[in-house]
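The values are calculated or read from the model by the stated rules, or taken from the named source; none is laboratory data. Given the structure is predicted, the values throughout are model-derived calculations rather than measurements. Counting neighbours? That spans all protein chains shown, and the Cβs are built from the backbone with ideal geometry, glycine included. Protein only, heavy atoms only, side chains kept; ligands, DNA and RNA dropped before computing areas. Shrake-Rupley method; radii C 1.70, N 1.55, O 1.52, S 1.80 Å.
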Amino acid sequence: MSSSQCFENPPSLSPTSGAGNVQDLGGLQTYLTGPPHSKLAILLISDVFGYEAPNLRKLADKVAAAGFFVAVPDFFFGDPIIRFDDPQFDRESWRKAHNTDKGYEDAKAIIAALKSKGASAIGAAGFCWGGKVALKLASSTDIKAAVLLHPSRVTEDDINDVKVPIAILGAEKDHVSPPEKMKQFGEKLSVKSEFDSLVKIFPGVAHGWTVRYKVEDELAVRSAEEAHLDMLNWLTKYVK
């Protein structure tokens, strides 16, 4: 998250957006959408702008329409990045307070809560900051599959620890997760024959495009929708 790309095109947050509702789940306020009695659940892990981003909730509703119970938690406990360009805003202290290790612990509590609600198979998808959390989950057998969308701060060690089918969807113009690096990760993953992996680089788009596209930008919307479909296909294939 060292690059300013993590902060470009910030969404206008809306606590009432989406077809679902917000409830406590595993100690976190969580946007829930889809059939609550589904045995198949998906955890969507936001970028630094948090769980009230309308495009993210719209995507959650799209995943829910495929039959999944979808959880989008507030991993930042009411403190998403809102004014990153404010000179008073200290990125480093925000990052320390909301580090991905803590995100991983909170995600495990969400997964336990989903299981107690009756979910027998759970998948996770993470965006930017959330990509790192989803990757940590993929090193356990808590989830059946993971999708990372323009993830940030991913290391080779993280990739070496993966144990479940994983897809990485990256952008051509990405200083945070450059395509060359994503392809290297893909080569590392492809050696592991015990699970499937996919790395796909989307041309002409930048970091964050899958949830921070501008609605009037047709190319960006089309590319985001293609990534959403790839994500959904991956989760549908392995979370069952």
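With the whole protein complex present, Ser190 retains an accessible surface near 80 Å², based on a 1.4 Å probe. Residues whose amide H falls under 5 Å from that of Glu172, counting only those 5 or more places apart or on a different chain, are Phe202, Gly204, Val205, with hydrogens built in the peptide plane.
Loop-located GluC sites (Glu not before Pro) across segment 95-202 with a Cβ neighbour count of 11 or fewer within 10 Å are Glu194, with loop assigned by DSSP.
Working note: Karplus 6.51/-1.76/1.60 with θ = phi - 60° gives segment 117-132 the couplings 7, x, 6, 9, 9, 10, x, 9, 10, x, 10, 6, 3, x, x, 5 Hz, where Gly and Pro are set to x. Only helical runs count toward this figure. For the chain, summing -39,500 (n - 2.57) over DSSP H runs of n ≥ 4 and dividing by all residues gives -10500 deg cm²/dmol at 222 nm. Here Lys183 is the anchor, and the lysines within straight C-alpha reach of less than 16 Å, apart from those fewer than 8 places off in the same chain, are Lys173, Lys192, Lys200. Specify whether the C-alpha gyration tensor of segment 137-211 places it in the rounded, prolate or oblate class, a ≥ b ≥ c being the square roots of the eigenvalues: rounded for a/c under 1.5, otherwise prolate if a/b is larger than b/c and oblate if not. Judged from the Cα gyration tensor, segment 137-211 comes out prolate (a/c at least 1.5, a/b above b/c).
Looking at the chain, the DSSP beta bridges with both ends there are about 25 percent antiparallel.
Annotation: amide H-H contacts under 5 Å for Gly26 (H modelled 1.01 Å from N, sequence separation of 5 or more, or interchain): none. Scalar couplings 3J(HN,Hα) for segment 156-165, obtained by applying the Karplus form with A = 6.51, B = -1.76, C = 1.60 to θ = phi - 60°, are 4, 4, 4, 5, 4, 8, 5, 10, 10, x Hz; x denotes Gly and Pro. Taking all Cα pairs closer than 8 Å and separated by 6 or more residues, the relative contact order of the chain comes to 19 percent.
Bridges between two residues of segment 1-92, per DSSP, are antiparallel at a rate of about 75%. Pairs exceeding 28 Å between alpha-carbon atoms, taken from Lys62/Lys117; Lys39/Lys136; Lys117/Lys214; Lys115/Lys163: Lys117/Lys214. Rounded, prolate or oblate for the chain? Axes are the square roots of the Cα gyration tensor eigenvalues, ordered a ≥ b ≥ c, and the cut-off for rounded is a/c under 1.5. Rounded shape, in that the Cα axes give a/c under 1.5.
Scalar couplings 3J(HN,Hα) for segment 202-214, obtained by applying the Karplus form with A = 6.51, B = -1.76, C = 1.60 to θ = phi - 60°, are 9, x, x, 10, 10, 3, x, 5, 6, 10, 10, 5, 8 Hz; x denotes Gly and Pro.
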